[in-house]
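The next block holds one structure in the form of structure tokens; read it before the comments.
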Amino acid sequence: MVARVWSLMRFLIKGSVAGGAVYLVYDQELLGPSDKSEAALRKAEEVVPPAMYQFSQYVCQQTGLEMPQLPAPPKINFPNFRESWNSGIISVMAALSVAPSKAREYSKEGWDYVKEHSK
């Protein structure tokens with residue numbers, strides 16, 4: 001009984017995390033124009049380090065443990081990040097769109113090869 005409840009809880013937690021991630025992507029319009037994606041990336045770079053620091057301070061206060069100070073995250077500047085990202089997405093989507101016809105073409109070539117060599 002406990003195992004079933006535990007597996008149900010794990011499923012519900014994973015589903016909630018996945019649903020929250022989908023909602024966040026939709027809410028922040030991360031799959032829309034790249035300008036909004038870049039703005040969300042900049043916002044995350046500004047918000048996440050202070051939040052991690054505050055959380056570590058809270059944990060230290062609650063547990064009485066001292067955590068060493070983490071080094072600052074490196075500043076990453078991608079001047080052509082938008083163009084690189086978009087070209088990568090375009091390449092992947094182009095490959096996925098031709099995949100069925102390429103699979104049919106390659107399977108036909110393979111079948112012809114087998115028929116030719118089996119005579």
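Bear in mind that the values in this text are calculations on the coordinates, not laboratory data. The structure presented is a predicted model; accordingly, all values stated were derived computationally and were not measured. Ideal geometry is used to build each Cβ from the backbone, glycine not excepted, and the neighbour counts take in all protein chains shown.
Tell me, which longest segment in the chain has none of the GluC sites (Glu not before Pro) that fall in DSSP loops with at most 14 further Cβ atoms within 10 Å?
Maximal segment without exposed cleavage sites: 67-119.
Explain nothing, just compute: Karplus ³J(HN,Hα) = 6.51 cos²θ - 1.76 cosθ + 1.60, θ = phi - 60°, for every residue of segment 110-115 in order, whole Hz, x for Gly and Pro.
x, 5, 4, 5, 5, 5
To the nearest 500 deg cm²/dmol, what mean residue ellipticity at 222 nm is calculated for the chain from DSSP H runs of n ≥ 4 alone, each contributing -39,500 (n - 2.57), summed and divided by the residues?
One gets -28500 deg cm²/dmol as the mean residue ellipticity at 222 nm.
Mind checking the log10 I(q)/I(0) for the chain at q = 0.13 Å⁻¹? Debye, one equal scatterer per Cα, no solvent, two decimals.
The Cα Debye sum returns log10 ratios of -0.92.
For the peptides 3-9, 52-58, what is the packing order when you average, over each peptide's residues, the other Cβ atoms within 10 Å and list the highest mean first?
52-58, 3-9
Determine the principal axes of the Cα atoms in segment 1-64, then give the extent along each, sorted from largest to smallest and rounded to whole angstroms.
Between the extreme Cα coordinates on each principal axis of segment 1-64 lie 50, 37, 10 Å.
Taking the alpha-carbon distance from Lys102 and a cut-off under 29 Å, which lysines remain once sequence neighbours fewer than 8 residues away in the same chain are dropped?
Lys115, Lys119
Using a simple spin-label model with points 7 Å from Cα along the Cα→Cβ vector, what separation in nm is obtained for Val2 and Ser101?
5.9 nm
Under a plain spin-label model, where a point goes 7 Å from the Cα along Cα-to-Cβ, how far apart in nm are Met9 and Asp27?
2.6 nm
Determine ³J(HN,Hα), in whole Hz, for all residues of segment 59-72 in sequence, where each value follows from phi through the Karplus function 6.51 cos²θ - 1.76 cosθ + 1.60 and θ = phi - 60°; x replaces Gly and Pro.
4, 4, 5, 6, 9, x, 8, 10, 9, x, 6, 7, x, 5
Whole-Hz ³J(HN,Hα) for each residue in segment 2-10, computed from phi via Karplus 6.51 cos²θ - 1.76 cosθ + 1.60 with θ = phi - 60°, x for glycine and proline: what do you get?
Running phi through 6.51 cos²θ - 1.76 cosθ + 1.60 with θ = phi - 60° gives 5, 5, 5, 5, 5, 5, 5, 4, 4 Hz.
Work out how much length Ile89 to Leu65 would gain on full extension: take 0.36 nm times their residue separation and subtract the Cα-Cα distance, in nm to one decimal.
Residue separation times 0.36 nm, minus the Cα-Cα distance, leaves 4.2 nm.
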